[in-house]
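Structure first, then comments.
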Amino acid sequence: MNVLLIEDDLAVADFIVTGMTEEYYKIDHAQTGAAGIELCKTNNYDLVILDLVLPDMDGISVCRGIRRLNALMAVLMLTSKVNVEDKIAGLNSGADDYLTKPFFFEELLARVRSVLRRTNKHDSMTQYKGLVIDPVLMKIYANNVEIPMRPKEYAIFYYLLRNKGLVISREQILEVVWGQRYLANTNVVEVNIKHIREKLSRHVNEELICTIKGKGYIINK
C-alpha cells in the first residue's frame, strides 16, 4: 500500500513514518500542502494522511485539491482541533475520516485500515491458486487458515503476485521492499524467498515462485 503523509511537524511525521514503515506501508512525506498536491499529481497513492494545519495552506484546501486530482483516493485527516465544526468541515471537504491529536499509533493504524477497507479498490481480497490475500491487513490465507508471513516475506510475495507473468529481478525487489537500490554482499532476497516457499509448500501443492536463472523470480499467470 502506498501512503502519502502531509505533515509539517517533523516529530509527528517521524513517528508516523517509522510506524507505518515497520508495518510495511510504503510512505512518502511532504511538509507543505503544495508539495503534497504535487506528489499526488505524479504518484498513485492508496491513502493520504493529511494534517489540518499546514504552513502554506489549510488542510481543507489541500483535501479539495487532492479530490480534484483523484476522487477515489482515501484521505485521513489529522487535527488538533476538537470542536465539531472543524471535524464536519474536514469531512465535507472530502476526507474519509479524521483523527484527533495526540493519538496512539495503534489507533492511527486501525483508522488507516478502516478507511482503506471502505474506500480502496484493493479492499476486495485477491485470490490465487487457492490462496486468499488481504492487501489491507497484509495477510495470506489458505482454506481459511492464515499462513504466517513476516512483513518483508509478505511484501515480496505480494509484489511478485501483482506483477505475475513478469520476471522481477533481485535488484527490483531490494528497491521496492527495502527501499534501496543496492545492498552489497547480502543474500536477504534469497533467504526470504526460501522462507516464503517453505511456508507456501505446506498449503499449496505446486511451486508458485519460479527462479529464472540470472534474471530473477516470477509467479506465472
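Derivation of every value follows stated rules applied to the coordinates shown; laboratory data play no part. Worth saying up front: this structure is predicted, and the values here are computed from it rather than measured. Glycine also receives a Cβ, built like all others from the backbone with ideal geometry; neighbour counts cover every protein chain displayed.
Legend: ranking of residues ARG111, ARG202 from fewest to most surrounding C-beta atoms inside 10 Å; resulting order ARG202, ARG111. When only the Cβ of Lys, Arg, Asp and Glu is charged (+1, +1, -1, -1), the dipole of the chain relative to its Cα centre reaches about 1120 debye. The modelled label-to-label distance between LYS26 and THR42, using points 7 Å beyond Cα along the C-beta direction, is 1.5 nm.
Computed over every Cα-Cα pair of segment 2-122 and binned at 10 Å starting from 0, the pair-distance distribution P(r) comes out as 14, 53, 32, 1 percent.
Counting only Cα atoms, the chain measures 57, 39, 30 Å along its principal axes, largest extent leading. Axis of helix 151-162 versus longest Cα principal axis of the chain: the two differ by about 80°, to the nearest ten degrees. Amide H to amide H distances under 5 Å link ILE49 with LEU4, LEU5, ILE6, LEU76, where only residues 5 or more positions off or on other chains count and H is placed in the peptide plane. Taken along the Cα-to-beta-carbon direction at a fixed 7 Å, the label points for GLU175 and ARG68 span 3.3 nm. Treating the angle as unsigned and between 0 and 90°, give the value, to the nearest 10°, between the Cα long axis of helix 59-69 and the longest Cα principal axis of the chain. Between the helix axis and the principal axis of the chain, the angle is about 50 degrees.
Which Cα, out of VAL176, VAL48, THR32, lies furthest along the positive dipole direction of the chain (beta carbon charges, K/R +1, D/E -1)? Result: VAL176.
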